[in-house]
Amino acid sequence: MAPSSFNTTSSNSLMDNLFQRNLEDLIKSFRHNLLRESTYISKSLEEIRNEIKSTDLTTKSTALQKLTYLAALHNVDMSFAAFHAVEVISSSKFHHKKIGYQAITQSFHDETSVLLLITNQMRKDLNSVNEYEVSLALECLARIGTHDLARDLTHEVFSLLSSSKSFVRKKAIGVVLRVFEKDHDAVKVCFKRLVENLESSDSDSDSDSQILSAVVGVFCELASKDPESCLPLAPEFYKILVDSKNNWVLIKVLKIFGKLVSIEPRLGKKVVEPVCEHMRRSVAKSLVFECVRTVVSSLSDHEGAVKLAVGKIQEFLVDDDPNLKYLGLHALSIVASKHLWAVLENKEAVVKALSDEDPNVKLEALHLLMTMVNEDNVSEMSKILMNYALKSDPLFCNEIIFSVLSICSRNTYEIIIDFDWYLSLLGEMARIAHFQRGDEIEHQLIDIGMRVIDARPQLVRVSWALLIDPALLGNLFLHPILSAAAWVSGEYVEFSKNPYEIVEALLQPRTDLLPPSIRAIYIQSTFKVLVFCLRSCISAQESSFGSSSMNAFTHESIMNLVNVIEVGLVPLSGTHDVEVQERAKNVLGFIGMVKQEIAEKVNLQDNEAEAYSVATFMEDVFSEDLGPVSATAQKKVCVPDGLELKENLEDLEEICGEFLKPVESNSVSYTNKISFSISNLRIRDQQEASSSSSLPSEGAASSLLAEHRKRHGMYYLSSQKSDPDSDNTPSDYPPANELANEISMDPFNHTRKPSKSKPRPVVVKLDEGDESRITLQEKTNPEIVKDGESLSRAIQSALLVKNKGKEKEKYEEESSRIENNQSSEKKTKKKKKNGERSSKHKSRRRSEVAPASEQAIIPDFLL
Amino acid sequence: MGIRFILMVNKQGQTRLAQYYEWLTLEERRALEGEIVRKCLARNDQQCSFVEHRNYKIVYRRYASLFFMVGVDDDENELAILEFIHLLVETMDKHFGNVCELDIMFHLEKAHFMLEEMVMNGCIVETSKANILSPIQLMDKAH
């Protein structure tokens, strides 16, 4: 190893050169090096920094070469050497030039400041007699070409496009794409030559086949950016499609036709036959697959071709090669949107792929199965998928669960007819071992509760089954579901057969495993259940005076319930979490108010009894249904005058800093204080609660809500009770309770078929179509459209120039090829269509200047 | 654009060649390579050669201790890219004689040169081994 100390004196370039480590030395010492990699890199970098300043180009270029190597493989920043790279390409030696260009292609980008300095050198190299120098410059231009470079070097590229050396011409064709992309004016200059290259190349000779492969590649990219510009060249591509033996070229031509057919469907009829021919004949799987993809994505109206393609897909699916299997599934998912039968035909293979070794194959199969799901087979498919979820690894298991959840909830549960079944499925999912999608099920449980009134009895049943199971409480991923279940049980307690059981579930000892926020929901739900029971007890007494023993809500049972709740909540009134404590104390306060009277067996229906008024009041509070909120509700609120929403609030901290700090520091002692004075608080709470209950008149809360509803009516759902005619509410729908009686008691019996006779329950929807409209707007990015259009405009006008001269001659040639059966009537029709299309363009490109008046003439002969 | 980048990575996950056809900053490259290498190296022989990553499709193939990974656009033909990788390996074999990791390490510029003959601006422009190698052979002679 040469000591680097020699290089510190850059005076003697010969010495530098002699003792400089070259790239090979660098790599060798890298391999045998015992130091840490990063230390070694920084040491080498230091060395390179010295060497690169050398005036000797050999030393400089070797240093640059080493730096390029480090940058490419070890992510070293080489932007400091930009100017040195420019110096190196100006060397007369090819070897130096190569190193310089390599460094430039690798490190230059649009923002590199010395980029402007290379234009002249590149022009010189493009004009060089040495074809390898030309090729270096072309490759560089293809990689780093900016708008300025493209504009300044258009002329050189133009002349190279007709170079006699196919080695150079091929690369000039390759660079055209970059030039077009950066400078649309270049299209006018170069497009014609590009087309000539396409037309003149004869696939038989070797040099021409090189050119063809390059030029077809360029057109493939152009067609994907702007298919209309390539439409006039359809006959050329057709010739290649029929004649060429080169699979690379054929694949590209198929891609081009895929794009062209999408804008000119009549082309399909013409190309479908040769495509099928390739599909039948070819042994190259890549070509066969490309044919399949072209057919399923662009020629899906041609029944015969699709059948053939699906046959090929079948072969792929049963192949041992995992690649073919994956691609088969992929192709199937494209075809699924238009020809679902193809998927159904291969259902077995797809389902089998769910247990494939490859996660990608499994995922593809899953997506495919999802496209098959509809309202008739949703229960069957879910059953299959759930079985796979049980067997799968955690990642895929959750993928399956998520897919099922999202497909079922799509468009507000569009495909779900039997909500009872679906809710049981949700309950079942939660019990799958690897389950992690708690949030999604949480959301759906509440959402269904709000939207589907008739599903509430089953919802309460499923929720109870989840709540009562002590095993679930230990699973962190299930906590969101439990929180939803608890809320649902409290909110819709009137649908429960046995509210006592709910309380039992909500107060079970293992609930202390839950986080405080969820415990608070549990307590609140307990409260709701208690109020409901109390109120039911009162109304039972009212209705069946004297025969209270017949009813479930007797004095004894209520007393029991109250005791159970009290025993369960008293320990919680001392917890550190304020939310839990507060709620527990609320309930205890309420119990304190009513307990006495219940115990004394006071006649609760007596209006004077405190328990009566409190229970009625609380029921009023809880009775108002929470409805779903439209996603766009916020937008409907107008911003009041004087409310600054966009003001910078940075200085807020300065102002409020003083107020905020003491609160933070006090918070610890605060909680301490609370726990100290629990016993006092309890008494005070009771007093407060009793006094507050006498203040507002009964139903004050509901009248407030009514007031709110009156003022903000547009945010409320139209309640079905008030106007049954709205939406498509079937008035003859059986009432919820009747339905509940029919349902079997086993909530997890998912094999039950949805009964066809039962109509789908009403699902409340808001602002239909709003969301899709928003996404649509977001999708159309004006920037992209603009860019694509200007390129297409450039190509159109370039074509126009070309066609003007050649038009007549070409037209004769074309017409000789027109098939005889093409009637004149058809022709005029097409002309009309062309006219329509061009007028549409005109309106779209109002800003277009001169050539807009004359549109490029698109030959129809192929159609 | 077709091909977005070509990577050669060894079993240990070290990059041996990286060619990008679009500009990415050093950090972006480092992150991208790390993610892709982690994804691809975790897969076995019975699994397919295609991996979707961000907006790329990665087509990869393993030859002995080297992984060849090509990032392509979504509508690129996967099987054709696999053939391209094979062609690349065959071309290197022809030049180096049973190519190995060390050949690429010590002759990185030649490997780049071959790639430049084959791919321009993300498009495959040359698929004949003889055509790809002729300029390199000429240069070797000149040396």
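The values are calculated or read from the model by the stated rules, or taken from the named source; none is laboratory data. Predicted, not measured: the structure shown is a model, and the values here were computed from it. Ideal geometry is used to build each Cβ from the backbone, glycine not excepted, and the neighbour counts take in all protein chains shown.
The table below gives the values:
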quantity: In the stretch B:92-143, the residues that are more than 8 Å from chain A (Cβ to nearest Cβ) and among the β-branched types (Val, Ile, Thr); calculated: B:Val99, B:Ile104, B:Val119, B:Ile132, B:Ile136
quantity: Single residue of the stretch A:259-294 satisfying the filter (closer than 20 Å to A:Gly311 by Cβ and facing chain B (nearest Cβ under 10 Å)) that is farthest from the chain's Cα centre (by Cα); calculated: A:Ala284
quantity: Residue tally, condition crowded, with 18+ Cβ neighbours inside 10 Å and either more than 19 Å from the chain's Cα centre (by Cα) or part of a helix (DSSP H, G or I) (or both), over the stretch A:433-449; calculated: 10
quantity: Candidates A:Ser29, A:Ser38, A:Ser42, A:Ser54 - the one that is more than 17 Å from A:Ser107 (Cβ to Cβ) and outside any helix (DSSP H, G or I); calculated: A:Ser54
quantity: A:Ala81 aliphatic (A, V, I, L, M), more than 11 Å from every other protein chain (Cβ to nearest Cβ) and free of Cβ contacts under 8 Å to residues at least 60 places away in the same chain; calculated: yes
quantity: Per-region count, the stretch B:22-55, residues closer than 30 Å to A:Ile27 by Cβ and more than 7 Å from chain A (Cβ to nearest Cβ); calculated: 19
quantity: Those residues of the stretch B:81-125 which are closer than 20 Å to A:Lys170 by Cβ, free of Cβ contacts under 8 Å to residues at least 12 places away in the same chain and part of a helix (DSSP H, G or I), in sequence order; calculated: B:Glu83, B:Glu116
quantity: Selection within the stretch A:66-90 - of a type in the set (S, T, N, Q) and modelled with pLDDT under 90; calculated: A:Asn75, A:Ser79
quantity: Residue count, the stretch A:88-128 (criterion: touching a residue at least 12 places away in the same chain (Cβ under 8 Å), surrounded by fewer than 22 Cβ atoms within 10 Å (Cβ to Cβ), away from chain B (no Cβ under 14 Å) and assigned to a helix (DSSP H, G or I)); calculated: 7
quantity: Residues (in a loop (DSSP other than H, G, I, E, B) and either without any contact (Cβ under 8 Å) to a residue 24 or more places away in the chain or within 24 Å of the chain's Cα centre (by Cα) (or both)) located in the stretch A:321-353; calculated: A:Asp321, A:Ala336, A:Ser337, A:Lys338
quantity: Hits in the stretch A:355-391 (condition: buried (at least 18 other Cβ atoms within 10 Å of the Cβ), within 17 Å of A:Ala331 (Cα to Cα) and of a type outside the set (S, T, N, Q)); calculated: A:Val361, A:Lys362, A:Leu363, A:Glu364, A:Ala365, A:Leu366, A:Leu368, A:Leu369, A:Met370
quantity: Within the stretch A:203-253, considering residues that are among the β-branched types (Val, Ile, Thr), under 12 Å from B:Val125 (Cα atoms) and within 35 Å of the chain's Cα centre (by Cα), the one nearest to the other protein chains (Cβ to nearest Cβ); calculated: A:Val218
quantity: Unmet requirement for A:Lys245, which otherwise passes all of (1) among the basic types (Lys, Arg); (2) at pLDDT below 90; (3) more than 21 Å from B:Glu83 (Cα to Cα); calculated: (3)
quantity: Qualifying residue in the stretch B:1-8 (condition: closer than 26 Å to A:Cys291 by Cβ, outside any loop (DSSP other than H, G, I, E, B) and either free of Cβ contacts under 8 Å to residues at least 40 places away in the same chain or more than 11 Å from chain A (Cβ to nearest Cβ) (or both)); calculated: yes
quantity: Of all residues in the stretch A:179-198 being within 11 Å of chain B (Cβ to nearest Cβ) and surrounded by 24 or more Cβ atoms within 10 Å (Cβ to Cβ), the one that is nearest to B:Asn121 (Cα to Cα); calculated: A:Val179
quantity: Residue, surrounded by the fewest Cβ atoms within 10 Å (Cβ to Cβ), within the stretch A:17-70, restricted to residues that are basic (Lys, Arg) and within 12 Å of another protein chain (Cβ to nearest Cβ); calculated: A:Arg31
quantity: Qualifying residue in the stretch A:65-79 (condition: β-branched (Val, Ile, Thr), assigned to a helix (DSSP H, G or I) and within 43 Å of the chain's Cα centre (by Cα)); calculated: yes
quantity: Enumerated helices (runs of 4 or more DSSP H) restricted to the stretch A:497-599, each holding at least 3 residues that are small (Gly, Ala, Ser) and either buried (at least 22 other Cβ atoms within 10 Å of the Cβ) or touching a residue at least 24 places away in the same chain (Cβ under 8 Å) (or both); calculated: A:516-543, A:578-599
quantity: Of residues in the stretch B:65-84 being surrounded by fewer than 18 Cβ atoms within 10 Å (Cβ to Cβ) and out of contact with any helix residue (DSSP H, G or I) (no Cβ under 8 Å at 6 or more places or on another chain), the one farthest from the other protein chains (Cβ to nearest Cβ); calculated: B:Asp74
